[in-house]
Amino acid sequence: MTTVVGALLATMGVLVGGVVTRRAQDRQWLRDQQLAAYRNLFEHYAKFTMELRRAHGDQRGWDYDWGEWSAALMRVSLVAPVDVASAIDDFGRAINSFLDQVERGERNPQRNPLSSEEFEQARRAPAEAQGRLVNVIRRSLSDEHGELPFGIGG
C-alpha cells in the first residue's frame, strides 16, 4: 500500500510539475512575442518619422511601405493585452492626425514643407501618445518597472 501511494504521489508530482512548467514556458513565449512585436512597431514608427522629417528638411518626396506598418500593427494586435492594444489604437490615431498635418494636406514636403519647429509641433501628439504607450507596455510586462516621465526616441 505504501509503495502504491508513493508511486501515485510521485506521478501526481510529475504531472503537476509538467503543467506548471508548461504554463511558465507559455508565459515566457508570449512575453518574447510581445517584445518582438512592440520593438517592430516602434522601429517602423521611427523609420517613417525620420524619413518624413528629412523629406521636409530637403523639400523632396518620400516613400514608405505602409503595408509593413499595417503588418506591424496586425502582429502587435495578436499578442498585446487589451490595455496595450487600446494605447496602440490611441497611438495610431495620433500618427494619423500627424500624417494629415505633414503629408496629406497642404503641407506636402515638396510643395509646402514645414520648418523644423512646425514639424516638431506636429509631432508632439504622436510623441506624447508614444510615451503613454511605452508606459502601458512597461506596466504590462512587469510591475517592477516604473513609468518614464519623459519620452525617448521617436
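The values are calculated or read from the model by the stated rules, or taken from the named source; none is laboratory data. All values reported here derive from a predicted model rather than from experimental measurement. Note: ideal-geometry Cβ built from the backbone for every residue, glycine included; neighbour counts use all protein chains shown.
Here is the figure for segment 84-94: residues that are acidic (D, E) and either buried (at least 20 other Cβ atoms within 10 Å of the Cβ) or touching a helix residue (DSSP H, G or I) at 6+ places or on another chain (Cβ under 6 Å) (or both) total 1. For segment 34-45, residues that are buried (at least 17 other Cβ atoms within 10 Å of the Cβ) and closer than 19 Å to R123 by Cβ total 4. Residues of segment 133-154 that are of a type outside the set (S, T, N, Q), modelled with pLDDT of 75 or more and out of contact with any Lys or Arg (no Cβ under 9 Å at 6 or more places or on another chain): L133, V134, V136, I137, R138, R139, E144.
Here are N108, N96: which of them is in a loop (DSSP other than H, G, I, E, B), without any contact (Cβ under 8 Å) to a residue 24 or more places away in the chain and polar (S, T, N, Q)? It would help to see each step written out before you state the result.
Working: N96 fails: in a loop (DSSP other than H, G, I, E, B).
Just a single option satisfies the conditions, and that option is N108.
Scanning segment 32-46 for residues that are basic (K, R) and part of a helix (DSSP H, G or I) turns up at least one hit. Does A46 fit the bill of being touching a residue at least 40 places away in the same chain (Cβ under 8 Å) and closer than 21 Å to R104 by Cα? Answer is yes for this residue. Considering segment 95-150, the residues that are surrounded by 13 or more Cβ atoms within 10 Å (Cβ to Cβ) and acidic (D, E) include one that is farthest from R39 (Cα to Cα), namely E118.
Matching residues to (1) basic (K, R); (2) more than 26 Å from L114 (Cβ to Cβ); (3) surrounded by fewer than 14 Cβ atoms within 10 Å (Cβ to Cβ); (4) at pLDDT 95 or above:
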| site | (1), (2), (3), (4) |
| --- | --- |
| K47 | yes, no, no, no |
| H56 | no, no, no, no |
| D65 | no, no, yes, no |
| R75 | yes, yes, no, no |
| V82 | no, yes, yes, yes |
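Whether a residue is part of a helix (DSSP H, G or I), of a type in the set (K, R) and more than 29 Å from D63 (Cβ to Cβ) was assessed, and R123 does not pass this test.
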